[in-house]
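The next block holds one structure in the form of C-alpha cells; read it before the comments.
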Amino acid sequence: MALQEVTKSFLRRFRPSHRPLNRAWTSQCRHYASAEPSQETQDLEQSEFLDNETVSDKPFDPIAKASKRQRRLPSSRYQFRPPRYARGPLHPHQPPKPSDPASREFIPGPFSLPRLEQTYHSTFAPDLMVMSYMHHPPGFVTPKKGERLRSWVGDNPYFKNRPLRGPRGGDVLRLLRKPITFRNVPKLERVTLHTMVKGAIDDSAYLHVAGMVVQAITNVRVTAHATRKSVVGFGVREGQYLSVTAELSGEDMYHFLSKVVDVVMPKIKDFRGVKGSSGDSSGNLAFGLTGEEVALFPEVEVNYDM
Amino acid sequence: MSPRSRGAKRIADALGRANPPNLDRPLLTQSGFSTTTTTNNHVCRSCRQALSQRRYASTATAKATVEAPPITQLSPDGPEASSAPQPIYTVKAGVVVSRPPLITPDPHPFETAYYLYQRRLNERLVLPFTQYFYYKRGTPAFEHWRSHRLRRGGTATRDIGEYNAYTPESWNDEALVGDESGLQTKIVQDLIAEEGRAEEFTGSGDPKFAGLKRRTAADDENNQQSLERSLQRTLYLLVKNKKVKGQSESESWKFPSGTIVGFEGLKEAAQRILFSSLGPNMNTFFIGNHPVGHYVYKFSSPQPRLAASPAAAGTTEKSKASEQAPLKQQLAQEGDGAMIDGEKTFYMKARIMAGQADLAVGKQNGVDIEDYKWLSKDEVEKLVHPEYWSKIRNMLVAQ
C-alpha cells in the first residue's frame, strides 16, 4: 500500500474508548469459576467499533464541509491513480487487487440477487441433490473401470513410455463425470448466445443491428466472428464477419434466462417447447429462437411500453 | 463427503444399533479384513442380494487377480442364525411434504447497501446513457423522460437514487444511514409513480410491491394451517398423532407416516399414507424414489405385533408371499407372536403445488390424526421433541 500520513484521526483509533463494551461481546465470554468476566473483557482491546452507537449526533454532510474550506486540499488527498504496471513485490507502490474499486481492473460487482438464483438455491439444488443420490450399501466396492487412455501391454521393449492409445472404436473420449454430492450439485454455469446473419454477406449493417439487439437483450458486449472456411453452397467466403456471440455468466445469465422463460416463451405462437432430444445428457442444452421470437424481448423497441 | 459413504454409514448405524454393544470382538483381523459376522448385520437382506447379483465387466477380468472379499457379502443367506437374536423393527414410510418459498426473501440491509454502492460505482465507470439513440427530440416521451431525469438530480439511471456521476460533487457517492434510495420497494414505487400507474394499486394491492402482497392475511393471523403464510420460507407439513400414555405434547407432532403393507415400495406406501390420512385434495409431486432420511424409534419394552387390518393387506400380496421366501415382516403380519422392538420410519420427499390437507378423510379411514400444521424449519424445531428434531433437521431446508 502507498505510504500514508500518520494523522490525528489515525491515532485516535488506538486510544481506548471511554464508552463501555457491547453487551453482546461480554456475554460471549465464557464464565469460569476462577476468572471474573469483567476482568476478561477488560483485557480485550478497546475499539469504537464494538460500541452500539454508530450514528453520531453531528449531521454528516461532506459537501457542506468541502464548500466551507478556504484553501484547496492537496491533490494527494482526493486523487489516487493506481500504478499501471506491477513492478515487483518489493516496490513501494503496489497495484490494488482487482476487487478494489481503486484498481484499473475493477469491474462493478453484482447489482442485485436474481430471483432465479434464489429459487435455485432454495428449491432446485436440494431436489437435484435428492434425485441424483446413488445408494451404495456398506461393503460396496466401486467396480474397476477400464483405462481411459489405453496403455501398450506386451513384451515388446518399445512399449515402454510410448504415448497411450485412445479408446476403442474411435478417438472421441467419453465425458468425465464428477460424482454429484452436496458440494457439487448441478447448477447453471454459462449461457452463450450466438446469431449468424446471412444478410451480412452483402451489407455489414445487418451485423451491426444483430450485435446491438444481442447487447440490449443480454447486457453483455458481443464479439463478432469471421468465417473460417469458404462454402460455395452458402455463398460464404473465408474471413467474412457474419456472426456475433455473447457469453453470459452470473447475474446477467440469471436475468436473461428469467426473461426467456417468463416473458419470451409464453408469447411464442404455438410453442411446442424445447426439444427433449436437445443436449448431450451431460449438462449442455441448446435451442433456437427465430427473429420474430427475439423481437418479443422487453428490450426490443417495439416492446418498450410493455 | 460422497453420498455413498454417508448413506452407507447411516444405514450401518441404523442397522448396527440393533446389536448389543457388549460383545467383545475385534473389527480387524491380522490380514486387515473384517471376517467376523459383525458387519454382516449391517447390511440388509435386499442389499446383500443386490451385491451378490450385480455383475460388472470388470468382474470377469478380476477373477485372475485374487482379492479376498473384505466382507462375506456374496452369500445372501448370511450366518444370521448363528448370531445373537436380532431385534425386529416395523418398517414405516413417512412423507416430508414441503411448500417451497413463493417469493424472494427480504434483503438484508447490508445486501441492499452493497448493491446500491456497486450500482453507483458502475454509474461512474460506464459510458453515459445514449439518450438520442432511444428518444427522438421533440417527442412527448422524450420530454416526459427529461422531466423525470431532472427530478432525479440529472441522472438517467433509476435505481441509484439522486446521484449524478458527472458533476464535480460525484465523489460523494456514499449513501448515509437511513437513506432509502437502494431499497427495492422504493425503486419499484418510484417507477410506478413515474409511469403514472400508482392508482392501479390502491385498494387491495400495494404500489411498493407492484400490486402484490408480501404479507398475507394468514401471516397477520398466524394461521399455521394455511399454505399462504410465510411466503418467503419453505413450509413443512407436521401432523399431530393421537396422544399415547407417557408421551409429552411435543412427541405427538411428527411427519405423516404409516406402516408399509405387503410388498409395496416406499414411494407407493408414502403416497397411500398421505392420501389416506390427509385426503386426495393435495396436488403433490414426489422427488426421487428413495428416502431422504430415517428415524429409528425403539420401544422401551418389546411390544407384540398388532394384526394388520384386512383392508390394508390385499389378497394378491399374500399369494406373492407364499411363492417367495417369507420376509420377517410378513411372518410378523401373519401373527406368529413375534415381539417388535421398535419402528424405523423412512421419509420420502414431496412437494405440494396446490390443495390442502383434509382431516375428515383421515377420520373416515381410521387414521388417528388430530391436527396438522404447515411450519417453517425454525417453527418445526420449537414444536417437535428434541430427539426427533435431531434426526429430521438435516432433511429440512433453512430458507
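Quick notes
- Residue A:288 vs. criteria assigned to a loop (DSSP other than H, G, I, E, B), modelled with pLDDT under 95 and either open to solvent by less than 40 Å² (accessible area, probe 1.4 Å) or not acidic (Asp, Glu) (or both): no
- Residue A:260 vs. criteria part of a helix (DSSP H, G or I), open to solvent by less than 20 Å² (accessible area, probe 1.4 Å) and within 17 Å of residue A:298 (Cβ to Cβ): yes
- Filtering the stretch A:70-103 to residues that are of a type outside the set (S, T, N, Q) and farther than 23 Å from residue B:171 by Cβ leaves A:85, A:86, A:87, A:88, A:89, A:90, A:91, A:92.
- Residue, most open to solvent (accessible area, probe 1.4 Å), within the stretch B:365-399, restricted to residues that are of a type in the set (A, V, I, L, M, F, W, C) and not in a helix (DSSP H, G or I): B:398
- Residues being part of a loop (DSSP other than H, G, I, E, B), more than 14 Å from every other protein chain (Cβ to nearest Cβ) and not aliphatic (A, V, I, L, M) are entirely absent from the stretch B:88-98.
- Scanning the stretch A:137-161 for residues being surrounded by fewer than 12 Cβ atoms within 10 Å (Cβ to Cβ) and in contact with a His (Cβ under 6 Å, 6 or more places away or on another chain) gives a total of 0.
Yes or no, residue by residue, for (1) touching a residue at least 12 places away in the same chain (Cβ under 8 Å); (2) among the hydrophobic types (A, V, I, L, M, F, W, C):
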| residue | (1), (2) |
| --- | --- |
| A:153 | no, yes |
| A:160 | no, no |
| A:169 | no, no |
| A:175 | yes, yes |
| A:182 | yes, yes |
| A:188 | yes, yes |
| A:198 | yes, no |
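- Cβ-Cβ distances below 7 Å connect no pair with a first residue in the stretch B:175-204 that is within 12 Å of chain A (Cβ to nearest Cβ) and under 19 Å from residue B:156 (Cβ atoms), a second residue that is open to solvent by 70 Å² or more (accessible area, probe 1.4 Å) and in a helix (DSSP H, G or I), and a separation of six or more residues or different chains.
- Only residues that are surrounded by 10 or more Cβ atoms within 10 Å (Cβ to Cβ), under 29 Å from the mean Cα position of the chain (by Cα) and assigned to a loop (DSSP other than H, G, I, E, B) were counted in the stretch A:265-281, giving 4.
- Residues considered: B:350, B:360. Of these, the only one that is among the small types (Gly, Ala, Ser) and over 18 Å from residue B:97 (Cα atoms) is B:360.
- Per the listing A:210, A:205, A:216, the residue uniquely small (Gly, Ala, Ser), surrounded by 13 or more Cβ atoms within 10 Å (Cβ to Cβ) and more than 14 Å from chain B (Cβ to nearest Cβ) is A:210.
- Of all the listed residues (A:82, A:92, A:98, A:138), the sole one being facing another protein chain (nearest Cβ under 9 Å), assigned to a loop (DSSP other than H, G, I, E, B) and of a type outside the set (Asp, Glu) is A:138.
- Filtered residues of the stretch A:141-166 (kept if acidic (Asp, Glu) and more than 12 Å from chain B (Cβ to nearest Cβ)): A:155
- Selection count, the stretch A:168-191, where residues are more than 14 Å from chain B (Cβ to nearest Cβ) and either among the aliphatic types (A, V, I, L, M) or open to solvent by less than 40 Å² (accessible area, probe 1.4 Å) (or both): 7
- Check on residue A:146, out of contact with any Pro (no Cβ under 8 Å at 6 or more places or on another chain) and of a type in the set (Gly, Ala, Ser): yes
- Matching strands (runs of 3 or more DSSP E) fully within the stretch B:225-313 where at least 1 residues are within 16 Å of the chain's Cα centre (by Cα), surrounded by 15 or more Cβ atoms within 10 Å (Cβ to Cβ) and among the aliphatic types (A, V, I, L, M): B:235-241, B:282-287
- Test: residue in the stretch B:187-198 that is at pLDDT 90 or above and open to solvent by less than 90 Å² (accessible area, probe 1.4 Å): yes
- Verdict on residue A:194 being under 20 Å from residue A:291 (Cβ atoms), within 14 Å of another protein chain (Cβ to nearest Cβ), open to solvent by 100 Å² or more (accessible area, probe 1.4 Å) and out of contact with any Pro (no Cβ under 8 Å at 6 or more places or on another chain): no
- Candidate set from the stretch B:136-158 (those that are open to solvent by 50 Å² or more (accessible area, probe 1.4 Å) and of a type in the set (D, E, K, R)); member that is nearest to the chain's Cα centre (by Cα): B:158
The values are calculated or read from the model by the stated rules, or taken from the named source; none is laboratory data. All values derive from a computational prediction rather than experimental measurement. Counting neighbours? That spans all protein chains shown, and the Cβs are built from the backbone with ideal geometry, glycine included. The protein model used for the area step is the full one, side chains on, heavy atoms only, and it has no ligands, DNA or RNA in it. Shrake-Rupley method; radii C 1.70, N 1.55, O 1.52, S 1.80 Å.
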